[in-house]
Amino acid sequence: MIKPGTTFVLYIVVLIQVYLFLPWKGIFFIIISLLFLIYLISCSANICSQAYIKTLCKADTNQKKIAITFDDGPDPKITPQVLSILDKYNAKATFFCIGKHIEDNKELLKEIDKKGHIIGNHTWSHDLWFDLFSYKRMQADIEKTNGLIFEIINKKAKLFRPPYGVTNPALKRALKRLNFQTIGWSIRSLDTIKSTEKTLKRIKKGLSTGDIILFHDNREHIVDILESFLEYAKSENYEIVTLDELLNIKAYE
Ligand SMILES: [Zn+2]
């Protein structure tokens, strides 16, 4: 994808051309500006666009390995069930936890870590308007979460996943001095909005070596989805590994 800075220069050049050579300048200005706006929105909404932040979304590997990730926990009811299913299949996962949920579930975070899973940062507030925060407010939100993770498991998380998968210039600025590796996904299971059957069908259809799958450990039906998915992955001889192993990166500093 062309970087937003380059596209902005092109946008200005086209506007000048329209102003100098075309009739109905107003209509062309509106159409070109709308196209530019749609482009900017698609850059922000697609976590793997690489428009603002270098994001890892899939591993380049020949080995039959995949990683599963869980966002938005820890949840006192669902996360323990997810952990026991992972144990049953001897699968290791990565949990992108929300700071305010960790605060109420410190023992659960310890357990996730003790079982050999990885913990990543998914902001403190996961606020609906997080994307509109100033970069300083974003920074404070992310650092507060890392502070609590460190306090509980004595490890400095290095993996970060933006809320709703949205990236923008403010987040780029916020992350600049924080030394995080931003993680996206190659398969979005849509487990929060689709039925168990539809979610499974969607994942199986697109599954291939090196994939990073996005799940959520705060919804009831993830328990059924996960068990069926792990059974399928086993039958297809996929090895489920943590993100640091799949991507050959460090999960903690
Ligand atoms: Zn989330």
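In table form, for the structure just shown:
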item: Selection status of Asp211, under 24 Å from Cys43 (Cβ atoms), buried (at least 16 other Cβ atoms within 10 Å of the Cβ) and charged (D, E, K, R); result: yes
item: Which listed residue is over 29 Å from Thr167 (Cα atoms), in contact with a Ser or Thr (Cβ under 8 Å, 6 or more places away or on another chain) and surrounded by fewer than 19 Cβ atoms within 10 Å (Cβ to Cβ), from Gln63, Gln17, Gln81; result: Gln63
item: In the range 137-172, the residues that are aliphatic (A, V, I, L, M) and farther than 23 Å from Trp185 by Cα; result: Ala140, Leu148, Ile152, Ile153
item: Test: Asp141 is within 16 Å of the ligand (Cβ to nearest atom) and buried (at least 16 other Cβ atoms within 10 Å of the Cβ); result: yes
item: Top-ranked residue in the range 145-163 [being away from the ligand (no atom under 16 Å from the Cβ) and basic (Lys, Arg); ranked as surrounded by the most Cβ atoms within 10 Å (Cβ to Cβ)]; result: Lys158
item: Filter result for the condition that a residue is in the same structural domain as Lys100 (by TED's automatic domain parsing), over 11 Å from the mean Cα position of the chain (by Cα) and surrounded by 16 or more Cβ atoms within 10 Å (Cβ to Cβ), over Leu175, Leu190; result: Leu175
item: Residue within the range 240-250 that is touching an Asp or Glu at 6+ places or on another chain (Cβ under 7 Å), of a type in the set (Ser, Thr, Tyr) and surrounded by 17 or more Cβ atoms within 10 Å (Cβ to Cβ) present; result: no
item: Output for the range 195-217, where each listed residue is of a type outside the set (Asp, Glu) and touching a helix residue (DSSP H, G or I) at 6+ places or on another chain (Cβ under 9 Å); result: Thr196, Thr199, Leu200, Ile203, Lys204, Leu207, Gly210, Ile212, Ile213, Leu214, Phe215, His216
item: Sole exception among (1) without any contact (Cβ under 8 Å) to a residue 60 or more places away in the chain; (2) under 19 Å from the mean Cα position of the chain (by Cα) for Lys92, by number; result: (1)
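The values are calculated or read from the model by the stated rules, or taken from the named source; none is laboratory data. Values in this document were obtained by computation on a predicted structure and should not be read as measured data. No Cβ is skipped: glycine too gets one built from the backbone with ideal geometry, and neighbour counts run over all protein chains shown.
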